[in-house]
Amino acid sequence: MANNSYSGVKNSIAEANHDGEFGCTLKELRSLMELRGTEAISKIGQTYEDVQGLCNRLKTSPVDGLSGQPTDIEKRKTVFGQNFIPPKKPKTFLQLVWEALQDVTLIILEVAAIVSLGLSFYKPPDAEREQCGRAAGGAEDENESEAGWIEGAAILLSVICVVLVTAFNDWSKEKQFRGLQSRIEQEQKFTVVRGGQVIQIPVAEIVVGDIAQVKYGDLLPADGVFLQGNDLKIDESSLTGESDHVKKTRAKDPMLLSGTHVMEGSGKMVVTAVGVNSQTGIIFTLLGTAEDDDEDEEGKKKEKEEKKKQRKNKKQDGSVENRKKAKAQDGAAMEMQPLNSDEGADAEDKKKSNLPKKEKSVLQGKLTKLAVQIGKAGLVMSAITVIILVVLFVVDTFWIQNLPWIKDCTPIYIQFFVKFFIIGVTVLVVAVPEGLPLAVTISLAYSVKKMMKDNNLVRHLDACETMGNATAICSDKTGTLTMNRMTVVQAYIAGKHYRRVPEPENIPSSVLDLLILGIAINCAYTTKIMPPEKEGGLPWQVGNKTECALLGFSNDLKRDYQTIRAEIPEEKLYKVYTFNSVRKSMSTVLKMADGSYRMFSKGASEILLKKCYKILTANGEQKVFRPRDRDDMVKKVIEPMASEGLRTICLAYRDFIPSDGEPDWDNENDILTGLTCICVVGIEDPVRPEVPDAIRKCQRAGITVRMVTGDNINTARAIATKCGILLPGDDFICLEGKEFNRRIRNEKGEIEQERIDKLWPKLRVLARSSPTDKHTLVKGIIDSTVIERRQVVAVTGDGTNDGPALKKADVGFAMGIAGTDVAKEASDIILTDDNFSSIVKAVMWGRNVYDSISKFLQFQLTVNVVAVIVAFTGACITQDSPLKAVQMLWVNLIMDTFASLALATEPPTEALLLRKPYGRNKPLISRTMMKNILGQGVFQLIIIFTLLFAGEKLFDIDSGRNVPLNAPPSEHYTIVFNTFVLMQLFNEINARKIHGERNVFEGIFNNPIFCSIVLGTFIIQIVIVQFGGKPFSCVGLTIDQWLWCTFLGFGSLLWGQVISSIPTSRLKFLKTAGHGTQKEEIPDEELEELEDMEEIDHAERELRRGQILWFRGLNRIQTQMDVVSAFQSGTSFQGALRRQASNSSQQQHDIRVVNAFRSSISLYEGLEKPDSRTSIHNFMTHPEFRIEDSEPHIPLIDDTDAEDDAPTKRNSAASRNATPSPSPSPTPTPTPITAPVSPSPNQNNNAVESSNHLLPEGLKSGTPSAPGSPLHSLETSL
């Protein structure tokens, strides 16, 4: 071992005892990876002489890699660690139970039940019993009074049931997420060299010392040092926040960091740090520890470390690597996910570390709002019920009966009051639809699980539901609409156009040699054609498919490209200009034996032909190629090929003579001219057989499919016609990227939304488009206001350059097979089979989620309305609720938990694709549903009240009304309860259809869960009634009575048919309910600003859009007061800025002042729609909505509105130190009304970490100040 020849050997040997025989320790490597640029190079020079020396110490070969022997790999894992970041511990079942117990209504119930239990054991002496009033007396058996405790116990038991069910649901959801996660992880592979062979291994298997091959589109899985490569450019923004791509060379900057993206080129690196020791791992461990330990101390420690680090870093030649920023930046957390073993769910968790809630989507936003409204109504009803009961009792006892208050009777009276209270609480419990969130969760989780089978791997839950609203899909062509199995089918070579691949004999040998050499070395060496896996199958294509087509072409010409690659290995290539979206070509330079250079190029034919000035003729000689010849060739060769849907590629070469001296290789324009054309080939990529049908379904469902491709316009048009995107006779337009840009930009070259609006409704094909064109188009469609409904856009992409468009879209689909890591990272759903028809499945599932929730709502609200009215009127008239507390809880269990399971798991049908998308602002409860709810409600109320007030006569039984406190249960009330439950059961079948269909039984057996739940509920109901006894206040019924109850229940099915006969259009008085918060209400500048900061993960951005509104509404009055008070306090604005560091509260206050101006630019712009205005104002006028400064974070039902950590950059900066105060105050104290401040520092906002940068930037950055806006006047005054 070459240990002793190095200078840094003494200390390394001292440390290396425990490291066995590696010449460098973990600590050394870790500190090496913290350096950048010249510092890193000098350090490598001092310690290891050069990179080769580092490889020797790590016992690896830059050419052959590691030996790959298991013992060696294991040893490396023990010494240097594994490439795996341990996940955060999942919540235990007990923690979930504890969370479920935090529900306010449940807590009230528990308290009431315990009080009731305690009082039931008190018995007043019999003598005085008579003096306590009529209600207390009455014939009572001994055992009856002893059974008084049962009610309390039963309530407690049912609370336990509800809690366990909720906890179990959360737990299984968590488990599914982890399963999903591990599946995403297992699919991640990386290319390394072991034993001289290039192999793909799972990312977790990479060890220190591996030689990894990195290429365009990779997400680096570990830290390493650059060995060699071509044009390698890395996007390090996820770690450093610098958006410029960093060029990696051995001479300038050889450090490659995990979690960064390869944006261009290819190369090799030797891995030096993995897992928790890599740069990403270090950040992750910091994040992880911050959560577990006491937050503040940890933060202080970290800040000290940071300052030290930054002092060290200031010396770098590059940017100061602002690690603090990296930590705070959500970018880091999200980009590195593949290493982190619990992405998705848990990354969300990390951000909101201690908030118990998960992500919230548009649908959940609408539901939360609805639930809050219903909850308020329920609260009012229950309060009135309790008051009426108490008043009636008091009036009856002390005024009508004229009794004095006797001390011994007090417990009895209290017992009555507690009973009244319990009735009130049960009304509330029934009124509050806590099954709503449950239904969404179940529905989404069920859909996600099933979508896996349909080849959709959902990374963000809400993407699934957003897909149901999609109105436009912008799809790639290659690989999505086509099979991505490229083959060369035509060629123009040596002056002749061959309609099929020519025989090698027909081509001059000199031309053929040039062609084969050019193909072999000017295709990435990672691209190859393998023998077919099955006998008689097609050869297996590995790597870039266009290059595979060319390599296949060389095989068809009976030449072997592998022999050439063996002679000229990758190391011998003099220079490579890799393919990127700007060049649209790739070139490789060889140094010939005589000192001259030869460059081979390949690329899009219309681009490369412009750079050719010669062409090879039939006898193999070069002939001048004039612009006129070029136009001829385009007309006669390229356009005919393209019109058949072929992609045309031109192959060319150029010789550089030694006498001219060495060319300036960095000046690409001079290098890539004066080429000699060898040939032009037409590559076919057949359309997938199932695509035309899938596109037809989309169009029928009201979804426009657009094709955005890099191919030329004729090819694109031909494929679009084959797919059915363009139909003969349509007046749709196809544009090229250049023309598109010309049409959407004004004279100054700025993009104008009005111009895009004129274009996009007719646009169907965008050809020769760059990634920015794709992003512009997607953004243009999303921001468009031509159509009153906002467009919801889905985008498919596979390349690294599709990242921005995927992130911008409402739903981004990445290709699971062809997609690069970067694309997958930016996406919401991964198509595991790269097939367009899977997108149609996603649309079906998305719509199904929406419908499932609506079905559940229709059912739930009917029960709510009826139960609340029955309990209320019953209590007022008979001083006792006809439905007892325990019965109510059972009804609640049926209608919440069971019904949400039954209705949320309906499988989707093709019929879902026959209607237009709902759109973002479609109310959850349509008028048809409202009709069904009210219709069924009226029917049920009539039946129940008839039974309640005339049931004893009809059935010839004793009346159950006005019985004493602990009287035995009556048949009368049992019949009422039983009929009520059976009506709900039959109505559950009605609820399966929400668009007014007649046949409610259609496809009922496709859903076994539904059938088993309805059956199960029926059986349990029989058991409760026959054997429930005292706890359920039931008496066994006879067969006759059972049949009557069932008949009355069945009546709701018949009544359902009557209701569906009434046309909804006649019922003008019906209102809709459950509107979403409208997305357009947030001005674009805001979102742009947030996006530029990259601080809100895009899945969350969706969740926060709605919330920004709430906060704006709340903040509006207060910010204005703050501003006034700031100016009243006499400080000029600059003074406020200068004084910012004086004390934290003042600083917070100043931030608010600046923010007031920043936010008021467009505060009023979108908010003044009539409906939105009322909602915000209502929100502010309800006092119970003030968010108090509560210590423990108890998820009240109202909390979900304000659940996320502050949704905008400004709130987060302010809310860090400030406590939310309950009311806007004019005093200059920091009182932002924001969400309850989460106990953890918000780990995804750069603004938080450095409030002092925020203020001046607040004035400069972000939104251009419109003249006349408050900010503008402020600037002028400054």
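Summary of values
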quantity: Total residues in region 547-594, condition open to solvent by less than 20 Å² (accessible area, probe 1.4 Å), at pLDDT 90 or above and among the β-branched types (Val, Ile, Thr); calculated: 2
quantity: Options Val1014, Val981: the member that is touching a helix residue (DSSP H, G or I) at 6+ places or on another chain (Cβ under 7 Å), buried (at least 22 other Cβ atoms within 10 Å of the Cβ), aliphatic (A, V, I, L, M) and modelled with pLDDT of 90 or more; calculated: Val981
quantity: Sole exception among (1) at pLDDT below 85; (2) crowded, with 21+ Cβ neighbours inside 10 Å; (3) closer than 30 Å to Phe1010 by Cβ; (4) not aromatic (Phe, Trp, Tyr) for Thr466, by number; calculated: (1)
quantity: Exclusive hit being out of contact with any Asp or Glu (no Cβ under 9 Å at 6 or more places or on another chain) and closer than 30 Å to Phe579 by Cα, set Leu806, Leu759, Leu831; calculated: Leu831
quantity: Test: residue in region 662-674 that is open to solvent by less than 40 Å² (accessible area, probe 1.4 Å) and closer than 19 Å to Asp476 by Cβ; calculated: no
quantity: Inter-residue pairs, beta-carbon under 9 Å, first small (Gly, Ala, Ser) and in region 647-676, second part of a helix (DSSP H, G or I), 6+ apart; calculated: Ala652/Gly518; Ala652/Leu608; Ala652/Leu609; Ala652/Lys611; Gly674/Lys611
quantity: Glu74 being in a loop (DSSP other than H, G, I, E, B) and either in contact with a helix residue (DSSP H, G or I) (Cβ under 9 Å, 6 or more places away or on another chain) or modelled with pLDDT of 85 or more (or both); calculated: no
quantity: Candidate set: region 703-740, residues that are part of a loop (DSSP other than H, G, I, E, B) and under 16 Å from Ala642 (Cβ atoms); chosen: the one modelled with the highest pLDDT; calculated: Leu726
quantity: Subset of region 470-487 (residues that are open to solvent by less than 10 Å² (accessible area, probe 1.4 Å) and touching a Phe, Trp or Tyr at 6+ places or on another chain (Cβ under 9 Å)); calculated: Ala472, Ile473, Ser475, Thr480, Leu481
quantity: Scan of region 546-598 for residues that are under 41 Å from the mean Cα position of the chain (by Cα) and aromatic (Phe, Trp, Tyr), ordered by number; calculated: Tyr577, Phe579
quantity: Any hit, region 1014-1029, residues being within 40 Å of the chain's Cα centre (by Cα) and closer than 16 Å to Ala904 by Cα; calculated: yes
quantity: Matching residues, region 569-600, being within 25 Å of Val501 (Cβ to Cβ) and of a type in the set (Val, Ile, Thr); calculated: Thr588
quantity: Residue in region 856-865 that is more than 21 Å from Thr979 (Cβ to Cβ) and under 31 Å from the mean Cα position of the chain (by Cα) present; calculated: yes
quantity: Any pair with Cβ under 7 angstrom, 6 or more apart, that starts in region 556-569 at a residue that is within 17 Å of Val489 (Cα to Cα) and ends at one that is polar (S, T, N, Q); calculated: none
quantity: Complete set of residues in region 1045-1072 that are part of a helix (DSSP H, G or I), open to solvent by 10 Å² or more (accessible area, probe 1.4 Å) and of a type in the set (Ser, Thr, Tyr); calculated: Thr1046, Ser1060, Ser1061, Thr1064, Ser1065
quantity: Filter result (within 15 Å of Pro254 (Cα to Cα), in a helix (DSSP H, G or I) and open to solvent by 50 Å² or more (accessible area, probe 1.4 Å)) within region 47-64; calculated: Gln52
quantity: So Ile442, is it more than 30 Å from Ala794 (Cβ to Cβ), assigned to a helix (DSSP H, G or I) and among the hydrophobic types (A, V, I, L, M, F, W, C); calculated: no
quantity: Members of region 438-458 found to be under 9 Å from Ser852 (Cβ atoms) and open to solvent by 40 Å² or more (accessible area, probe 1.4 Å), listed by number; calculated: Tyr446
quantity: Output for region 675-686, where each listed residue is surrounded by fewer than 20 Cβ atoms within 10 Å (Cβ to Cβ) and β-branched (Val, Ile, Thr); calculated: Thr676
quantity: Residue list for region 869-905, filter: open to solvent by 10 Å² or more (accessible area, probe 1.4 Å), among the hydroxyl-bearing types (Ser, Thr, Tyr) and in contact with a Gly (Cβ under 8 Å, 6 or more places away or on another chain); calculated: Thr897
quantity: Only listed residue being open to solvent by 10 Å² or more (accessible area, probe 1.4 Å), in contact with a strand residue (DSSP E or B) (Cβ under 8 Å, 6 or more places away or on another chain) and not in a helix (DSSP H, G or I), chosen from Pro923, Pro908; calculated: Pro923
quantity: Selection from region 824-857 of residues that are among the polar types (S, T, N, Q), part of a helix (DSSP H, G or I) and open to solvent by less than 10 Å² (accessible area, probe 1.4 Å); calculated: Ser838, Asn848, Ser852, Ser854
quantity: Test: residue in region 506-529 that is exposed (fewer than 13 other Cβ atoms within 10 Å of the Cβ), part of a helix (DSSP H, G or I) and in contact (Cβ under 8 Å) with a residue 60 or more places away in the chain; calculated: yes
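To keep it simple, each residue is scored yes or no on (1) farther than 28 Å from Asp731 by Cα; (2) in contact with a Gly (Cβ under 8 Å, 6 or more places away or on another chain); (3) among the aliphatic types (A, V, I, L, M).
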| site | (1), (2), (3) |
| --- | --- |
| Val765 | no, no, yes |
| Ser769 | no, yes, no |
| Leu777 | no, no, yes |
| Ser784 | no, no, no |
| Asp833 | yes, yes, no |
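Conditions tested, residue by residue: (1) touching a residue at least 40 places away in the same chain (Cβ under 8 Å); (2) touching a Gly at 6+ places or on another chain (Cβ under 8 Å); (3) open to solvent by 10 Å² or more (accessible area, probe 1.4 Å).
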site: Leu220; (1), (2), (3): yes, yes, no
site: Asp244; (1), (2), (3): no, no, yes
site: Lys248; (1), (2), (3): no, yes, no
site: Ala251; (1), (2), (3): yes, no, yes
site: Val262; (1), (2), (3): yes, yes, no
site: Val270; (1), (2), (3): yes, yes, no
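The values are calculated or read from the model by the stated rules, or taken from the named source; none is laboratory data. These numbers were taken from a predicted model, which means no experiment stands behind them. In this analysis, Cβ positions are derived from the backbone assuming ideal geometry, glycine residues included, and neighbour counts consider all displayed protein chains. Accessible surface is based on the protein model in full, side chains and every heavy atom, while ligands, DNA and RNA are left aside. Shrake-Rupley method; radii C 1.70, N 1.55, O 1.52, S 1.80 Å.
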